[in-house]
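Inspection log for the structure reproduced underneath, given as structure tokens.
The values are calculated or read from the model by the stated rules, or taken from the named source; none is laboratory data. Please read these numbers as outputs of a predicted model, since none were measured by experiment. Quick reminder, even Gly has a Cβ in these numbers, built from the backbone with ideal geometry, and neighbours come from all protein chains shown. These accessible areas exclude ligands, DNA and RNA; they are computed on the full protein's heavy atoms, side chains included. Shrake-Rupley method; radii C 1.70, N 1.55, O 1.52, S 1.80 Å.
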Amino acid sequence: MREISVEVISDAIEKLCKDVCIQLNEKTVQLLENALNTEKTEFGKANLEIAIENSRVARENNMPICQDTGMVVVFAEIGQDVHIVGGLFEDAVNEGVRRAYKDFRKSVLTPIDRVNTKDNTPAVVHVSLCKGDKIALTVAPKGFGSENMSALKMLKPSDSIEGIKNFVIETVKNAGANPCPPVVVGVGIGGTMEKAAIMAKHAVAVSVPAKDEAIAKLEEELLEKINRLGIGPQGMGGVNTALAVYVETYPTHIAGLPVAVNIQCHCARHGEVVL
Amino acid sequence: MIEITFPIADRKELEKLKIGDRVLLNGEIYTARDAAHKRLVALIESGKELPISLKDIAVYYTGPCPAPKGRPIGSCGPTTSGRMDAYAPLLLDCGQAVMIGKGERNQAVIDACKRNKAVYLAAAGGAGALLADCVKECTVVAFDELLSEAIHKLKVEKMPLIVAIDACGNDIFSLREYK
């Protein structure tokens, strides 16, 4: 059985956290540039130019793109033929976060007393098992300006596809300027309450268009309708309210239709590594 | 571009600003976000002395990253202003002149702007690295234990902002098509 030490996992998490917070990924930069080319309003263009310029300055000065370096969300796919040695997996993830956030803002605290943990731990870790002897780690530090504007609703089966679309669009509309548009929208449809929320988050964290033709069409339609809302970059009006919409689905119960919408700001940070 | 410097010589200068105007801000401003606002309001309500004078000051809603070596401050873009709506009208009534942040404000804040001839300036959300370049000095002046949420005094140069609510109560976000 292949062994992977917790040290290797901590190192990987530390590096991913630092990299994604400082260097905006190429895919997002490209989406921002495309948005700049299509934007029609003066403030919309100005705000997109600032976002692109900011990503360049962050890289050049080796500083975080945004001061909200987020709460770290990790999706780990662990091969069943891997033996993790030297400690616990989640402790290793948190050690990586602790090291990475020495120079970043510590935004994590106890929810009721509001006491800061002072090292940005714990991370939110989602583990799934898969075939093979590797570990795939996806890291997505989540800022809360956008997280706060996310929503979940247990729709009725009678609400059907129109109800789903309306809920997604309503959520983006209610978010307005708050989540730093143009946003990336993750949608989870089906499963149970928590499954829908995790799918919505995963959709944003991996940012890959759906392979299923019908779902890909739904993503396109939602993007078009969201961009007709007119909220625009930083909410000052424009044709770019969202950069992308990603949808994930899962079978659900005969009595239900859970839908979760996770909103991500234009600093769509995420990165992946396979150990 | 209109340049404004704090401390402001004549507060009437702010009354000339109209929504959509581009502003470059210079001079001394203070940071405060959720936790610092909660404390300031609690002090005012219990009649206690404040750690800073609110008279005619500009408050920037931000919680900066730690300063890298050789720099006064880390990334410091604006946070969502709406969370300060519960506190902002009282602070404006106590003398604060300018709010700096991102996103919409509620009617109570708009009314408080009108009542006090105060303004709300929007900074570009997410532009933390770019805005850090405008900050030349940074010192913690109150609530040190709140870490990034402490009140910092910043010296800024040419901080680029857009007038989002003016002293007449006009609101740039209300002009969007969908509303």
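Any chance you could check the Cα centroid distance between segment A:10-60 and segment A:123-184 for me, in angstrom?
Comparing the Cα centres of segment A:10-60 and segment A:123-184, I get a distance of 20 Å.
With just the Cα atoms defining each centre, how far is segment B:80-106 from segment B:110-179? Give it in Å.
9 Å
Rounded if a/c is under 1.5, else prolate if a/b beats b/c, else oblate: with a ≥ b ≥ c from the C-alpha gyration tensor eigenvalues square-rooted, which is segment B:24-179?
oblate
Keeping all protein chains in position, work out how much accessible area B:Asp56 exposes to a 1.4 Å probe, and write it in Å² to the nearest 10.
40 Å²
Using a simple charge model, +1 on the beta-carbon of Lys and Arg, -1 on the beta-carbon of Asp and Glu, nothing else, what dipole does segment A:182-275 show about its Cα centre, in debye to the nearest 20? Please report the intermediate quantities before stating the final value.
Details: 7 positive and 9 negative charges, 44 e Å.
It comes to approximately 220 debye.
If the elastic network links every pair of Cα atoms under 10 Å, which of B:Ile44, B:Ile165, B:Ile57 fluctuates the most in the Gaussian network model of chain B?
B:Ile44
Per-residue accessible area for B:Arg39 at 1.4 Å probe radius, Å² rounded to 10?
80 Å²
Averaged over every viewing direction, what's the projected area of the C-alpha convex hull for segment A:1-158? Give it in nm², one decimal, please.
In nm², the orientation-averaged hull projection of segment A:1-158 is 13.8.
Express as a percent, rounded to the nearest 5, the fraction of DSSP beta bridges in segment A:145-270 (both residues included) that run antiparallel.
Roughly 60 percent of the beta bridges in segment A:145-270 run antiparallel, per DSSP.
Please give me the summed charge of the neighbours of A:Pro122: other residues whose Cβ is under 13 Å from its Cβ, Lys and Arg +1, Asp and Glu -1.
Every neighbour counted, the sum reads -1.
Could you work out the relative contact order of chain A? I mean the mean sequence separation of Cα pairs under 8 Å and 6+ apart, divided by the number of residues, in percent.
Dividing the mean separation by the residue count of chain A yields 26 percent.
Per-residue mean of other chain beta-carbon atoms within 10 angstrom of the beta-carbon, peptide B:58-69?
3
Just tell me how shielded A:196-206 is by partners: mean number of partner chain Cβ atoms within 10 Å of each residue's Cβ, no decimals. Show your work: numbers first, answer last.
Details: counts 0, 0, 0, 0, 0, 0, 0, 0, 0, 0, 0.
What the average comes to for A:196-206 is 0.
Given a cut-off of under 8 Å on Cα pairs at least six residues apart, what relative contact order in percent is computed for segment B:105-179?
Once divided by the residue count of segment B:105-179, the mean separation gives 39 percent.
Among A:Ile226, A:Ile263, A:Ser158, flag the residue with its Cα farthest along the positive direction of the charge dipole of segment A:145-270, charges on Cβ as +1 for Lys/Arg and -1 for Asp/Glu.
Positive-end residue among those listed: A:Ile263.
At a probe radius of 1.4 Å, what is the per-residue accessible area of A:Asp159, in Å² to the nearest 10?
So the heavy atoms of A:Asp159 present about 60 Å² to solvent.
Set the bar at 29 Å for Cα to Cα. Now go through A:Lys45/B:Lys69; A:Lys106/B:Lys153; A:Lys201/B:Lys69; A:Lys15/A:Lys106 and name every pair that lies beyond it.
Table pairs above 29 Å Cα-Cα are A:Lys45/B:Lys69; A:Lys201/B:Lys69.
Label segment A:204-275 by shape, choosing from rounded, prolate and oblate, from the square roots a ≥ b ≥ c of the eigenvalues of the Cα gyration tensor; if a/c is under 1.5 it is rounded, and otherwise prolate applies when a/b is larger than b/c, oblate when it is not. Walk me through the intermediate numbers first.
Numbers: a/c = 1.96, a/b = 1.24, b/c = 1.57.
It is oblate, given that a/c is not under 1.5 and a/b is not larger than b/c.
Quantify how strongly other chains surround peptide A:220-232 by giving the mean number of their Cβ atoms within 10 Å of each of its Cβ atoms.
Neighbouring Cβ atoms belonging to other protein chains average 1 per residue here.
Over its Cα atoms, what ratio of radius of gyration to 2.2 N^0.38 Å does segment A:145-270 give?
So segment A:145-270 has a normalised radius of gyration of 0.96.
Given the protein assembly as shown, report the % of alpha carbon pairs whose separation exceeds 43 Å.
More than 43 Å apart: 14 percent of the Cα pairs in the protein assembly as shown.
Please compute the net charge surrounding B:Lys69, taking Lys and Arg as +1 and Asp and Glu as -1 over other residues with Cβ under 15 Å from its Cβ.
+1
Could you sort B:112-119, A:112-119, B:21-28 so that the peptide with the highest average Cβ count within 10 Å comes first and the rest follow in order?
Details: B:112-119: 21.1, A:112-119: 11.5, B:21-28: 16.8.
Highest-to-lowest ranking by the protection proxy: B:112-119, B:21-28, A:112-119.
For the protein assembly as shown, which whole percent of the accessible surface, found with a 1.4 angstrom probe, sits on carbon and sulfur atoms? All intermediate terms of the calculation are to be shown ahead of the outcome.
Values: 10320 of 19270 Å².
Ligands and nucleic acids excluded, carbon and sulfur reach 54 percent.
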